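Derivation of every value follows stated rules applied to the coordinates shown; laboratory data play no part. As the structure is a computational prediction, the values presented were derived from the model and not from experiment. Quick reminder, even Gly has a Cβ in these numbers, built from the backbone with ideal geometry, and neighbours come from all protein chains shown.
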Amino acid sequence: MNIRKQLVTLAVTGALAGTGLIGTASTASAATCLGSAHSFTKAVDNHYHPPYKENRFLATSSSCADINIKLSSAYTENVKVCFYRAGGDLNYCQSEEKSVAPGAWKVIATDVADNVLYKLYFGKAAAYDRKITGSWAS
């Protein structure tokens, strides 16, 4: 392709991206993912949701490629994901927590396969002592 055609192609692509005509599939999939959100309440005296000692888990789905969280409680929290094997045994936890502010969606794990079991871990010491509410989508 000659340089003039490359420049025209680049200009058209940039114009389409600026109008939002490119990337509508990812916007639509994000809307589908977040539209399937579930509410949660993390109990007091526990760092996990669902609680660590309960044999209950959250699970990823085909609606989302990522694990997303949105807090409705008043505090910014540090959150990471702990992944579990199909039998309920801990596989591993993310090494780093992500800071999640109230009121906005935050991706806390990316490119997660479908039907993966996990729990949310709230890391701050103060998080152990308070109820935390919000939504998750995966």
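Can you work out the FRET efficiency for the pair SER95 and THR32, with r the C-beta to C-beta distance and R0 = 35 Å, to the nearest 0.05?
Numbers: r = 30 Å, r/R0 = 0.85.
Using R0 = 35 Å, I get an efficiency of 0.75.
Determine, for VAL116, VAL44, VAL100, the number of other Cβ atoms within 10 Å of each Cβ, and report the residues in order from fewest to most.
Listed from fewest to most nearby Cβ atoms, that is VAL44, VAL116, VAL100.
Out of segment 61-138, which trypsin sites (Lys or Arg not before Pro) are coil in DSSP terms and have no more than 14 other C-beta atoms within 10 Å?
Here the trypsin sites (Lys or Arg not before Pro) that fit, given the DSSP loop and packing criteria, are ARG85, LYS131.
Kindly write out, for segment 132-137 in residue order, the coupling ³J(HN,Hα) from the Karplus curve 6.51 cos²θ - 1.76 cosθ + 1.60 (θ = phi - 60°), rounded to whole Hz, with x marking Gly and Pro.
Those phi angles translate into 10, 10, x, 9, 10, 9 Hz.
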